[in-house]
Every structure is written in C-alpha cells, then in structure tokens.
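Enquirer: My questions all concern the structure below.
The values are calculated or read from the model by the stated rules, or taken from the named source; none is laboratory data. If you're wondering where the values come from, they're calculated on a predicted model, not measured in any experiment. Here Cβ is always computed from backbone atoms with ideal geometry, including for glycine, and neighbour counts include all displayed protein chains. Surface areas here come from the heavy atoms of the whole protein model, side chains and all, with no ligands, DNA or RNA. Shrake-Rupley method; radii C 1.70, N 1.55, O 1.52, S 1.80 Å.
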Amino acid sequence: MSDPKSHPSRRIVSSRHLAEGEGWEASELEYGMIIAYNAFSRWMSRCMAAAGNADLTPLEILVLHNTNHRDREKRLTDICFLLNIEDTHTVNYALRKLLKSGLLEAEKRGKEVFYRTSASGADLIETYRAVRNTCLIDSMGRTDIKGDDLREIAAQLRAISGQYDQASRAAASL
C-alpha cells in the first residue's frame with residue numbers, strides 16, 4: 001500500500017460527483033460525518049446491549065439519555081429541540097416504546113406530557129455509563145486526542161451543523 005501522505009490530492013469522499021470543482025472538501029467532510037454517524041450508532045447499540053438492553057435503537061438510546069439529562073423532566077418539544085430532530089413523530093414513537101419498557105415515566109399536565117427517567121431507566125443508564133467508561137473512555141486516554149481537543153471538535157461540529165441547517169432552509173425555499 002502507498003502512503004496517503006504521498007498523495008496529498010487524494011480525496012476520500014463518498015460521492016465523487018459531489019467532489020469535483022470548488023468546495024470539494026465539503027464532500028470529504030460529509031463522508032467523515034457519514035462514517036462517524038454510523039460508527040456512533042453502532043457503538044451506542046452495542047454499548048446498550050452490553051449494559052443489558054439490546055432492544056433499543058440508536059434514537060431510543062439518545063432519547064433515553066436526553067430525558068435523563070440534568071435529572072429534569074422534558075417535553076417532546078424539549079427533546080426534539082435539544083437533539084435537533086425535526087420529525088417529532090419519530091421521537092414520540094421512541095418515547096412510547098421507552099414508556100412501555102418501563103425505562104421512562106410520564107405525567108400529563110394540561111395539554112403537555114412531561115417525561116422523566118424511571119428508576120430502572122436510571123439503573124440502565126448507569127450501567128451504560130460503566131460500559132462506556134471501560135470500553136471507550138479508558139482507551140481514549142491512550143490517544144493523542146485529549147479533552148480540550150474533543151471540546152474543540154465538538155464546537156466545530158455544532159457550528160457546521162448550523163451551516164447545514166441554514167442550507168436546508170434555503171433548499172426548502174427553492
């Protein structure tokens with residue numbers, strides 16, 4: 001195999017037709033996001049399975065963690081907003097499944113439903129956290145990427161997501 005550094009013009013993209021001309025680097029970024037998203041989804045599912053629940057989808061795992069966040073009750077709109085999910089019906093379905101499995105509890109107040117993590121949901125999340133620490137966090141200490149680097153990457157990803165959100169609004173108006 002040849003050294004990738006010896007080919008600085010090599011473009012690692014998922015769609016060559018999107019990587020031609022000015023701005024081709026966006027296609028390389030998009031491919032990186034595709035790979036990262038799929039790896040993260042696979043990781044969440046396998047970590048949750050190791051924690052004792054192999055039945056949850058990545059979205060359900062995200063909803064469970066978000067509902068538990070800061071130990072505060074959340075409404076459907078809060079969860080969708082914080083996870084940047086436009087399709088509320090997918091989150092609503094996840095909430096119903098988590099309620100049915102006993103991982104969440106709900107309380108209706110007027111027209112609003114407030115969700116919170118149940119005791120069994122909190123236990124599952126704590127087990128997930130232990131598996132995450134053992135399998136992921138401990139091994140990250142052996143890389144060159146440290147806490148401040150991760151925070152910078154996270155900030156850049158949030159900024160880039162804003163660019164994609166703005167572009168999606170522009171595309172919707174065409």
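Enquirer: Please name all residue pairs, on different chains or six or more residues apart, with Cβ atoms under 7 Å, provided the first residue is in region 27-48 and is within 23 Å of ARG11 (Cβ to Cβ) and the second residue is open to solvent by 60 Å² or more (accessible area, probe 1.4 Å) and β-branched (Val, Ile, Thr).
Expert: Between residues of region 27-48 that are within 23 Å of ARG11 (Cβ to Cβ) and residues that are open to solvent by 60 Å² or more (accessible area, probe 1.4 Å) and β-branched (Val, Ile, Thr), the close pairs are GLU28/ILE12; TYR31/ILE12.
Enquirer: Name the residue, out of ARG158, ARG96, that is surrounded by 11 or more Cβ atoms within 10 Å (Cβ to Cβ) and under 25 Å from THR77 (Cα atoms).
Expert: After applying the criteria, what remains is ARG96.
Enquirer: What number goes with the only condition from (1) assigned to a helix (DSSP H, G or I); (2) open to solvent by less than 90 Å² (accessible area, probe 1.4 Å); (3) within 23 Å of THR57 (Cβ to Cβ); (4) not hydrophobic (A, V, I, L, M, F, W, C) that ASP149 does not pass?
Expert: Unmet for ASP149, out of (1) assigned to a helix (DSSP H, G or I); (2) open to solvent by less than 90 Å² (accessible area, probe 1.4 Å); (3) within 23 Å of THR57 (Cβ to Cβ); (4) not hydrophobic (A, V, I, L, M, F, W, C): (3).
Enquirer: Can you tell me which of THR127, THR90, THR134 is surrounded by fewer than 17 Cβ atoms within 10 Å (Cβ to Cβ) and either among the acidic types (Asp, Glu) or closer than 30 Å to GLN163 by Cα (or both)?
Expert: Answer to the check: THR90.
Enquirer: Here is a follow-up. Among SER139, SER120, which is in a helix (DSSP H, G or I), surrounded by fewer than 11 Cβ atoms within 10 Å (Cβ to Cβ) and free of Cβ contacts under 8 Å to residues at least 60 places away in the same chain?
Expert: One residue alone meets the criteria, SER139.
Enquirer: Looking at (1) exposed (fewer than 10 other Cβ atoms within 10 Å of the Cβ); (2) part of a helix (DSSP H, G or I); (3) modelled with pLDDT under 95, can you tell me which one ASP144 breaks?
Expert: Every listed condition holds for ASP144 apart from (2).
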